[in-house]
Amino acid sequence: MRSGNPALKASTFLDLGSGAVVSSPSGTMSLNGTVNRTALLLVLTLGAALWPWSQLFANPAAMNPMPYVLVGGLGGFVVALVTIFKKTWAPVTAPLYALLEGLFVGAISAVFETRYPGIVVQAVGLTFGTLAALLLAYRSGLIRATDNFKLGIVAATGGIALLYLVNLGMRLFGFGGFGFIHESSTIGIVFSLFVVTIAALNLVLDFDFIEQGVEAGAPKYMEWYAAFGLLVTLVWLYMEILRLLSKLQSRR
């Protein structure tokens, strides 16, 4: 099993010591349970996102999004790492991650909305539309997660992550970084389209990975962990769609 999502890597459902699926007396992972956990995490993310959003539009002049971005972004990153290394804590850490990520997403979304009115509704619609379309295509067999398909998506995801890290490092040390990541030039838009495509196709790998976990009889707490992994991909997809739409609108 392979996924470009760092939360759903090849060893996620496996006991690294024996290579066998870890059993649990409390029951096994189910598809319906994972869907329910995912829905709950999405509700928590949305609820948390409404707080910085409402604060911005209540008093736009006095609103400072940075505290929400820092607390949500850094806090979410730390909780995500804890969840990845302590999967048994997922029933607690996954909802906490959703709340923190909601603060981050809500603040970023509010900033984009003030610059490009209506962009958030478009980004949300495209994100969930992509999720529904890819889920339907996966369940119907139109898209199959073959080994070559998985390898290509994982390689592309790793390349994007490395590019973002290098760009961040360059900007921190006073260099300009890779302008096409942020600029609305033709190259910048093509790059964003590529990243959105890769982020979306990671959903297919996540669907396949979760299905394999259910079939293997992973422990019940893995429903929370799998839902957390899906949320990671969805947040990434949403942010990349938001970036792409902002580039397109800035060219008008």
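Using alpha-carbon pairs under 8 Å, 6+ residues apart, how would you state the relative contact order of the chain in percent? Contact order relative to length: 37 percent. Charging the Cβ of each Asp and Glu at -1 and of each Lys and Arg at +1, and nothing else, the dipole of the chain about its Cα centre rounds to 320 debye.
Over segment 160-241, Cα pairs under 8 Å with separation of 6+ residues give a relative contact order of 27 percent. The alpha-carbon positions of the chain define a convex hull whose volume is 138 Å³ per residue.
For segment 67-158, the residue among Gly158, Pro117, Val79 whose Cα projects farthest onto the positive side of the dipole built from Cβ charges is Gly158.
Which longest uninterrupted range of the chain lacks any chymotrypsin sites (Phe, Trp or Tyr not before Pro) assigned by DSSP to a loop state (not H, G, I, E or B) and surrounded by at most 12 other Cβ atoms within 10 Å?
Details: sites that count: Phe173, Phe175.
Counting only loop sites that pass the neighbour cut-off, the longest clear stretch is 1-172.
Per residue, the chain exposes 50 Å² of accessible surface when a 1.4 Å probe is rolled over the protein heavy atoms with every protein chain present.
Probe radius 1.4 Å, ligands and nucleic acids ignored: give me the carbon and sulfur share of the accessible area of the chain as a rounded percent.
Numbers: 8720 of 12550 Å².
Of the solvent-accessible surface of the chain, carbon and sulfur hold 69 percent.
Look at the dipole of segment 77-219 built from charges on Cβ: of Thr93, Phe191, Leu136, the Cα furthest out on the positive end belongs to Thr93.
The values are calculated or read from the model by the stated rules, or taken from the named source; none is laboratory data. Bear in mind the structure is a predicted one, so any value in this text is a computation, not a measurement. Every residue, glycine among them, receives a Cβ derived from its backbone with ideal geometry; neighbour counts consider all protein chains shown. Remember, those area values only see protein heavy atoms, side chains included, never the ligands or the DNA or RNA. Shrake-Rupley method; radii C 1.70, N 1.55, O 1.52, S 1.80 Å.
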